[in-house]
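The values are calculated or read from the model by the stated rules, or taken from the named source; none is laboratory data. Quick caveat, the model's predicted, so the values are computed rather than measured. Cβ coordinates were reconstructed from backbone atoms using ideal geometry, including for glycine residues, and neighbour counts include every protein chain displayed. Note: accessible area is taken over every heavy atom of the protein model, side chains too, but ligands, DNA and RNA are not part of it. Shrake-Rupley method; radii C 1.70, N 1.55, O 1.52, S 1.80 Å.
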Amino acid sequence: MNRDLTPARICSLPADAFYIPDFISEEEEALLLQKVGGAPRPRWTHLSRRRLQTWPSSLTKSNTLLDSSLPSWLITPIIEPRFHALGIFTDSPHKSPNHVLVNEYRPGQGIMPHEDGAAYYPIVATVSLGAPIVLDIYPKNDPAERRNPQFRILQERRSLLVTKERLYSDFLHGIAEVTRDEDLGAQSICNWGLLGDPGPFEVGSYARETRTSLTFRDVLKVAKMGKTLNFLGGPK
Ligand SMILES: O=C(O)CCC(=O)C(=O)O
């Protein structure tokens, strides 16, 4: 896998991370933002520092996904044809993502350093919409280092970031709760050489605007509905 992703590899990171600017077009971005914005209100979970949609549904307490399709707007054109053409989920058990989290961050919002954990196959593909944001990467086993990220990845709007393997399992990731991302440049941003247009960031900072992410994952445990009904005492 990843033959076509080789030029997108973020070489200064431990295996493996890939960054592709302009992964989707402006029209596709506008349509995706319209679909996210048009989702019924109960789809949103309001957290203290961001809001979230979970597609097709939240996992059960035992980290199981009840088998159900993703909506078509999350499949085409991102998963099919682009992820499949790049072979992004070729090694994962279901050969395709079956779960998507939609996170929306307003200026000043973020997400604490965390790991995605054992519910998922260790690969995450993130499409950024609306505005850029910096993702911070921290070593997992060194709490003293939590204040200073070891690596910083700048995600432009419409870009794709794929993180997997060691970067998934041995590091934490988070987004700072700031209204400006600062200290930007070739020395501090590990994918600087892969940016589609570094121009707007060359002044060294930018003001945050509302940024939405679509994070595609493969949940390992999937329960077929029939089995779930049996479990719930439904028809045998
Ligand atoms: O919005 C992002 O890019 C990161 C989201 C994230 O860390 C997560 O969903 O676990």
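Quick one: plug the Kirkwood hydrodynamic radius of the stretch 1-98 (C-alpha pairs) into Stokes-Einstein at 10 °C, 1.306 mPa s, and report D in µm²/s.
The calculation lands on 100 µm²/s.
Carbon and sulfur: what percent of the chain's accessible surface (1.4 Å probe)?
Heavy-atom surface of the chain belonging to carbon and sulfur, 1.4 Å probe: 53 percent.
In nm², what is the average projected area of the convex hull enclosing the Cα atoms of the stretch 131-184?
Projected area, direction-averaged: 4.1 nm².
For the chain, what is the calculated [θ] at 222 nm in deg cm²/dmol (nearest 500), taking -39500 (n - 2.57) for each run of four or more DSSP H residues and dividing by its residue count?
-3000 deg cm²/dmol
Give me the net charge for the shell around Arg157: Cβ to Cβ below 11 angstrom, other residues only, Lys and Arg +1, Asp and Glu -1.
Net of charged neighbours comes to -4.
Taking a probe of 1.4 Å, how large is the accessible area per residue of the chain, in Å²?
In whole numbers, the chain has 50 Å² accessible per residue.
Over the heavy atoms of Glu177, what accessible area does a 1.4 Å probe trace out, to the nearest 10 Å²?
Surface accessible to solvent at Glu177 totals approximately 90 Å².
With unit charges on the beta carbons (Lys and Arg positive, Asp and Glu negative) and the dipole taken about the Cα centre of the stretch 139-200, which residue among Pro198, Leu184, Thr163 sits farthest to the positive side?
Most positive-ward Cα: Thr163.
Considering only the stretch 6-231, what is the antiparallel percent among its DSSP beta bridges, to the nearest 5?
95
In a shell of Cβ-Cβ distance under 15 Å around Gly130, excluding Gly130 itself, what net charge do Lys and Arg (+1) and Asp and Glu (-1) give?
Taking every other residue near Gly130 into account, the sum is -1.
For the chain, list log₁₀ I(q)/I(0) at each q in 0.10 Å⁻¹, using the Debye formula over Cα point scatterers of equal strength and ignoring solvent, two decimals each.
For the chain at q = 0.10 Å⁻¹, log10 I(q)/I(0) is -0.47.
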